[in-house]
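Step one of this worksheet: look at the structure below.
The values are calculated or read from the model by the stated rules, or taken from the named source; none is laboratory data. Since this is a predicted model, take the numbers as computed values, not measurements. Here the Cβ is made from the backbone with ideal geometry for all residues, glycine too, and neighbour counts use every protein chain on show. Please note that ligands, DNA and RNA were not included when accessible areas were found on the heavy atoms of the full protein model with its side chains. Shrake-Rupley method; radii C 1.70, N 1.55, O 1.52, S 1.80 Å.
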Amino acid sequence: MENLGTIGYSEEQVELMEVATNFCRDKSPMDRVRALLDDDAGFDPAIWQEIADLGWLAIAIPEEYEGVGLSLSEVVPIAEQMGKNLMITPFADVTLAAQAILMAGSEAQKAQYLPQIAAGTLASLALSEANGDWDLSNISATANAKPNASGDGYILSGEKLLVPYAAQADIIIASILVDGAVHLAIIPHNDIADGAMRREQIIDETRRTYAVTLDGISIGSDQLLDADKTQAALDHVHLAANLLQSAEMSGGTIAVIDYTLDYLKTRKQFGKVIGEYQALKHPITNAYVDYEKARSHLYSAAHCFNDQGRGEVATRMAKAAIDKAYSFAADRAIQFHGGFGFTHDCDAQLYRRAAIWHASQHGDAAYHRAKLADLLF
């Protein structure tokens, strides 16, 4: 679709949305979501392979690297349906890893790894550290040159936190400092020592993240991505992560609104359906209005994501809007379910946990509003 300054769905987005709606609904019913809470991997490898076979991992990878040759805007409707059905897979994380390689990898690295990712190889990004800074260039993990007798390359040190699906990842792309400058390094899973990964306990029980110790890992110079393109790659990954998170949050928002409406239309108190009470009717209406406004921001961001300047503004507006909408809708869902809403058996808490998790990653609403102030004023 040509960029004519309007907001709408491309033909590819419509087709992908239709397929994703049916697939995610059928493959991720709530009983399956809950069953995976106790699963070590946190996702179904068979479904992951189906996702790869559908070509979804190849959407934003150029055709010369065995991709589909579309853009991240076509990934948005898939991420949205995954969020709506709480379908937890490494889909977004692998897509972001591919974007990092696409932005900063050498031709040899892109030719080696992007076709593998398109076919289902699981890649992960290790960009976060204990400082919790959303500025991805603020890191302390380092790479020191090997002694001359040890050959060309580097020895890593430091620790990365919140590395998605590190235990299952075939490769991990970690940010490190080389002579004080931020670089990205591709680390094969086999190069990480046993015991160097520790599963973390996070607010969203449907997801899996790990702390990864880099101490002693040896890499060759050919495992470093292009240093001159690293900052641009990190900036791109930051915005791409917020775009895909906004999509997941949009899906989760309408899902938890629908979940709450079903309860409001069936639960009776004092002989009256509770949804008829204004104290419940008005907030759920406000939640839906906020959702619709936030979703319009999402597809505006998807539409102009690659437009310099404009894409960043739209993406930050989308994340700020949907963060507020998702948090409010999920919080009201818990409250409106009364005593049951505060139990683990109520699905509302799964959405509230997801909303908190997304807000903690790559910037919450306040963070993006502050960034927008700098961009717009």
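In the range 198-247, how many are open to solvent by 50 Å² or more (accessible area, probe 1.4 Å) and either within 30 Å of ILE322 (Cβ to Cβ) or out of contact with any helix residue (DSSP H, G or I) (no Cβ under 9 Å at 6 or more places or on another chain) (or both)? Counting residues in the range 198-247 that are open to solvent by 50 Å² or more (accessible area, probe 1.4 Å) and either within 30 Å of ILE322 (Cβ to Cβ) or out of contact with any helix residue (DSSP H, G or I) (no Cβ under 9 Å at 6 or more places or on another chain) (or both) gives 11. Restricting the range 174-197 to residues that are open to solvent by 40 Å² or more (accessible area, probe 1.4 Å) and part of a loop (DSSP other than H, G, I, E, B), the residue that is modelled with the lowest pLDDT is ASP194. In the range 351-372, the residues that are closer than 26 Å to GLN335 by Cα reach residues that are β-branched (Val, Ile, Thr) and open to solvent by 50 Å² or more (accessible area, probe 1.4 Å) with C-beta atoms within less than 6 angstrom, at least six apart or across chains, in these pairs: ARG353/ILE203; ILE356/ILE203; TRP357/ILE203. Taking the criterion of being without any contact (Cβ under 8 Å) to a residue 60 or more places away in the chain and among the hydroxyl-bearing types (Ser, Thr, Tyr), the residues of the range 188-221 that qualify are THR209, TYR210, THR213.
Scan the range 9-40 for residues that are in a helix (DSSP H, G or I), open to solvent by less than 20 Å² (accessible area, probe 1.4 Å) and at pLDDT below 95 and jot them down. Result: GLN13, single match.
Of the helices (runs of 4 or more DSSP H) lying entirely inside the range 271-372, those containing at least 2 residues that are under 18 Å from the mean Cα position of the chain (by Cα) and buried (at least 22 other Cβ atoms within 10 Å of the Cβ) span 278-304, 310-336, 348-360.
Scanning the range 159-173 for residues that are of a type in the set (A, V, I, L, M, F, W, C) and not in a strand (DSSP E or B), we see that the one that is nearest to VAL94 (Cα to Cα) is ALA169.
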